[in-house]
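For reference, the structure is listed below as structure tokens.
The values are calculated or read from the model by the stated rules, or taken from the named source; none is laboratory data. Predicted model only: the values in this text are computed from it and were never measured. When we count neighbours, we look across all protein chains shown, and the Cβ atoms used for this are built from the backbone with ideal geometry, even at glycine. For the accessible areas, the whole protein counts, side chains as well, though only heavy atoms, and no ligand, DNA or RNA atoms are used. Shrake-Rupley method; radii C 1.70, N 1.55, O 1.52, S 1.80 Å.
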Amino acid sequence: MGLTIALNRGRILKECLPLLAAAGIEPLEDIHSSRKLVFEATGGHRFIVMRGSDVPTYVEYGAADVGITGKDTILEYGQGARFYERLDLGLGRCKLMTAMPEGEELGDGPLRVGTKFVNVSRTYFESINRHVTLIPLAGAIEIAPIMGLADLIVDIVDTGNTLKANGLSARETIADISTRLIVNRAAQKTKFDLVQNLVSTLREVVAA
Ligand code: AMP
């Protein structure tokens, strides 16, 4: 039996399929035009396609042997996550940053932070001894300051265009983000050869 590989639907899926294909693993049917969630692949492997935030869960509990998702998702899943992060695929490079309205400075008073990344933000603000109230948001993070919902936000920044378009400027970098390969702890042992082969082949593909 091959590996069960959990893939993050969307941008990451689109970008990592060519890498996996170059490593000799290809789905037996077109993933993009199907509503299926499980796909047989060459070499006896299997892809399962899901939301990014579910990838660490599937890998931690062994429902998938390996997974591919963003470092942001891995960080938000939790520091004590019980899986191995084996490879940086170098895709989707961006930064997790704080941002606030252009020209404004942080006072000493209480702060409200709007974010999708509540766990990462809590850890970050604790590490700088800053007391904040976290406001969980699922989207439209960038308008939270303008609408008076939050004093600052924690969000993913690539070009910075989204921030700029909403009158915000990036401030502190919390983490450098890119797409990572994670491996279930048991699978690392029980499927050692398959896992090592995947990691080393992908490493070569990424370096090329
Ligand atoms: P930008 O305007 O280029 O700074 O892009 C920022 C927006 O695009 C953010 O709202 C992010 O949600 C999204 N984004 C950009 N790069 C990534 C990435 N690598 N992974 C996930 N989301 C991203």
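General observations
- Here the chain is treated with +1 on each Lys and Arg Cβ and -1 on each Asp and Glu Cβ, and its dipole about the Cα centre works out to around 520 debye.
- Cα gyration tensor shape for the range 98-140, rounded if a/c is under 1.5, else prolate or oblate: oblate
- log₁₀ of I(q)/I(0) at q = 0.12, 0.13, 0.16, 0.18 Å⁻¹ - the range 11-126, Debye sum with one point per alpha carbon: -0.56, -0.64, -0.86, -1.02
- Between the range 90-116 and the range 24-88, the C-alpha centres lie 29 angstrom from each other.
- The mean accessible area for residues of the chain, using a 1.4 Å probe and ignoring ligands and nucleic acids, is 52 Å² per residue.
- Computed as a quarter of the hull surface, the mean projected area of the alpha carbon convex hull for the chain stands at 12.5 nm².
- Mean residue ellipticity at 222 nm, helices only, the chain: -8500 deg cm²/dmol; runs of at least 4 DSSP H residues each add -39,500 (n - 2.57), and the sum is divided by the number of residues.
- Taking a ≥ b ≥ c as the square roots of the eigenvalues of the Cα gyration tensor, the range 94-175 is rounded, since a/c falls below 1.5.
- Membrane-span-like helices in the chain, defined here as complete DSSP H runs extending at least 15 Å along the helix axis by their C-alpha atoms with mean Kyte-Doolittle hydropathy no lower than -0.5, are 11-22, 192-207; this is a sequence and geometry rule, not a statement about a membrane.
- Solvent-accessible area, 1.4 Å probe, carbon plus sulfur percent, for the chain: 51 percent
- Size of electric dipole in the range 94-175: Cβ of Lys, Arg +1 and of Asp, Glu -1, about Cα centre, debye, nearest 20: 220 debye
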